1. Go over the candidates ALA101, ALA96 one by one and state the one that is over 18 Å from LEU160 (Cβ atoms), at pLDDT 95 or above and surrounded by 21 or more Cβ atoms within 10 Å (Cβ to Cβ).
2. Is it true that some residue in the range 71-81 is assigned to a loop (DSSP other than H, G, I, E, B), within 22 Å of ASP180 (Cβ to Cβ) and either touching a Cys at 6+ places or on another chain (Cβ under 8 Å) or modelled with pLDDT under 95 (or both)?
3. Restricting attention to the range 241-273, which residues are of a type in the set (A, V, I, L, M), touching a residue at least 60 places away in the same chain (Cβ under 8 Å) and in a loop (DSSP other than H, G, I, E, B)?
4. How many of the residues in the range 172-218 are touching an Asp or Glu at 6+ places or on another chain (Cβ under 6 Å) and surrounded by 24 or more Cβ atoms within 10 Å (Cβ to Cβ)?
5. Quickly run through the range 203-228 and pick out the residues that are in a helix (DSSP H, G or I), under 15 Å from the mean Cα position of the chain (by Cα) and without any contact (Cβ under 8 Å) to a residue 60 or more places away in the chain.
6. Pull up the range 150-171, narrow it to residues that are small (Gly, Ala, Ser) and closer than 23 Å to SER89 by Cα, then point me to the one that is surrounded by the most Cβ atoms within 10 Å (Cβ to Cβ).
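The values are calculated or read from the model by the stated rules, or taken from the named source; none is laboratory data. The structure displayed is predicted, hence computed values, not measured ones. When we count neighbours, we look across all protein chains shown, and the Cβ atoms used for this are built from the backbone with ideal geometry, even at glycine.
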Amino acid sequence: MDSDVLPEVWGILNLTPDSFYAGSRVDAFSAVAQCRQMLSEGADVIDIGAESTRPGSASVSAEEEWERLKPALEQISLQCPEVLNRKISVDTRHAATARKAFDFGISIINDVSAGSDAAMFDAVAGAGARIVLMHSKGTPADMQISPSYSDVVAEVYSFLLKRTENAVEKGIKKDNIIWDYGIGFGKTDQHNRDLLASSHFFASQGFQLMAGVSRKSFLGRVLNQPQPEERKFSTHAMHMYLALQGVQILRVHDVKEAVEIRSLLAYLRSGSAGES
């Protein structure tokens, strides 16, 4: 991947009552307005999820997940159908949910479990869709209980390579695969630091790299900011760092500011003369 590429911005929209940042939570009817707002601010994709994956959260069945997701997709389909294809990603671990989303024209799946559902890769391949393969260790309910690695960078890289091989064997095109090293998913703060410091390495392996750091708790521990609402500036600083490291996709709560970061990066790379 070209290290000079400007990152895509994916806005986060959660149809959940318990996602860690309250500002990202919406219901089916406000989802349309939020989608439009994020797109007007410059979002490339809206990533819609109906199951919280914050540390300690309980899993949700595919049936309950679809009960939350279906009304939102119906409203989007009615009010702004033009965004469904290529502009909406569905964040799900369940192949059954993915298949139903494809019926609405969705063409991107963000799977935080990287295909733990054995039917997921077949579903994605059959739809010709894109898929995010994210590394996580354990489940959201237990992933932050003493996670350990002998070499976190090597283990995450090996995991992503293996899951990519599995996906390609099932018929998913390599160009449709996106990597995510899973910051905060079964990692200590030191593991997160090591992965973030290796961002350029992961971004240069031939796949788009997504990074999801927005308002996460490790930022709060570094800067003594216990509440997600306090972590806006630290998030933006981290996004600039990631963009400079060649990360190709930023998954964000605050679209406008992330797009401004991208614009500043474009300016810095344009060779334009400074003001006199």
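1. Just a single option satisfies the conditions, and that option is ALA101.
2. The answer is no; no qualifying residue exists.
3. Listed by number, the list holds a single entry, VAL247.
4. 1
5. none
6. Only one residue fits best here, namely ALA167.
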